[in-house]
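In what follows, a single structure is set out as structure tokens and then discussed.
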Amino acid sequence: DGSQQYGTVEGIEADKDPLAPLIQEIFGENANRCNLSWNDITEKLLPKVKEKIQNAFASKYLSAPSFEVIMTPAIINNLQTTLNHPENSQTNTYEWTSTILLKQDKTDGGSRVVVGYSEDGGAGYVDGGHREIRWDNRGFRLSVVFEK
């Protein structure tokens, strides 16, 4: 129903999600990781997350390494939720990934790979969702990718 929260196994302690304050700052006080479109996340949230990380380095007088913040790719999401956190394969939500679904001519088809949903196989389930659509049962995970 869009009220699930990340941060605890039961998903009921919203204050345990380290991204909740930033999500609510950007999308409103009732916002959480669900019911955001891929575009919402990539265009509005990811730049703010990167800025927060850079500021954390700066506050300690450290130079931040070169990095990007992305939604976790489908293959990594699947491995993480299957091998390292199998409890995440039991959720009744899908998750956006950074993996693009291409058209036959190899151009962006507008959809992104979504994974999850326990009734359809958990982390092993893969489907597509158009990047502009919000779903109340679709969340996301983030990855920090460092450049060489």
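The values are calculated or read from the model by the stated rules, or taken from the named source; none is laboratory data. No experiment lies behind these values; they were computed from the predicted model shown. Every residue, glycine as well, gets a Cβ built from its backbone with ideal geometry; the counts of neighbours run over all protein chains shown. Accessible surface is based on the protein model in full, side chains and every heavy atom, while ligands, DNA and RNA are left aside. Shrake-Rupley method; radii C 1.70, N 1.55, O 1.52, S 1.80 Å.
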Among the residues of the range 31-41, which ones are within 11 Å of the chain's Cα centre (by Cα), modelled with pLDDT of 90 or more and open to solvent by 20 Å² or more (accessible area, probe 1.4 Å)?
TRP38
Do any strands (runs of 3 or more DSSP E) entirely within the range 94-148 hold 3 or more residues that are surrounded by 20 or more Cβ atoms within 10 Å (Cβ to Cβ) and of a type outside the set (A, V, I, L, M, F, W, C), and if so, which?
94-102
May I ask you to list pairs of residues, at least six apart or on different chains, whose Cβ atoms are under 6 Å apart, with the first in the range 124-148 being within 18 Å of LEU22 (Cα to Cα) and among the polar types (S, T, N, Q) and the second being open to solvent by less than 60 Å² (accessible area, probe 1.4 Å) and at pLDDT 90 or above?
SER143/ILE70
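If a residue has to be on the phi < 0 side of the Ramachandran plot and within 14 Å of the chain's Cα centre (by Cα) to count, how many in the range 101-122 make the cut?
Within the range 101-122, the subset on the phi < 0 side of the Ramachandran plot is 101-105, 107-109, 111-115, 118-120.
If we keep only those that are within 14 Å of the chain's Cα centre (by Cα) as well, we get 112-115.
Of the residues in the range 101-122, 4 are on the phi < 0 side of the Ramachandran plot and within 14 Å of the chain's Cα centre (by Cα).
Take the range 56-86 and flag every residue that is among the aliphatic types (A, V, I, L, M), assigned to a helix (DSSP H, G or I) and farther than 27 Å from ILE133 by Cα. Before you say what the answer is, go through the steps one by one.
Of the range 56-86, the ones among the aliphatic types (A, V, I, L, M) are 56, 58, 62, 64, 69-71, 74-76, 79, 83.
This time we only want the ones that are assigned to a helix (DSSP H, G or I), so: 56, 58, 74-76, 79, 83.
ALA56, ALA58, LEU83, listed by residue number.
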Tell me which of these SER59 doesn't satisfy, since it passes every other one: (1) at pLDDT 95 or above; (2) surrounded by 11 or more Cβ atoms within 10 Å (Cβ to Cβ).
(2)
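Filter the range 4-30 down to residues that are among the acidic types (Asp, Glu) and surrounded by 13 or more Cβ atoms within 10 Å (Cβ to Cβ) and give me whichever is modelled with the lowest pLDDT.
Checking each candidate, the answer is GLU13.
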When the residues of the range 59-82 are filtered to those that are in contact with a helix residue (DSSP H, G or I) (Cβ under 9 Å, 6 or more places away or on another chain) and of a type in the set (Gly, Ala, Ser), which remaining residue is farthest from PRO47 (Cα to Cα)?
SER63
Are any of the residues in the range 67-80 of a type in the set (Ser, Thr, Tyr), closer than 19 Å to LEU22 by Cα, open to solvent by less than 80 Å² (accessible area, probe 1.4 Å) and at pLDDT below 90?
yes
On the given criteria, is ILE53 part of a helix (DSSP H, G or I), open to solvent by 70 Å² or more (accessible area, probe 1.4 Å) and under 14 Å from LEU142 (Cβ atoms)?
no
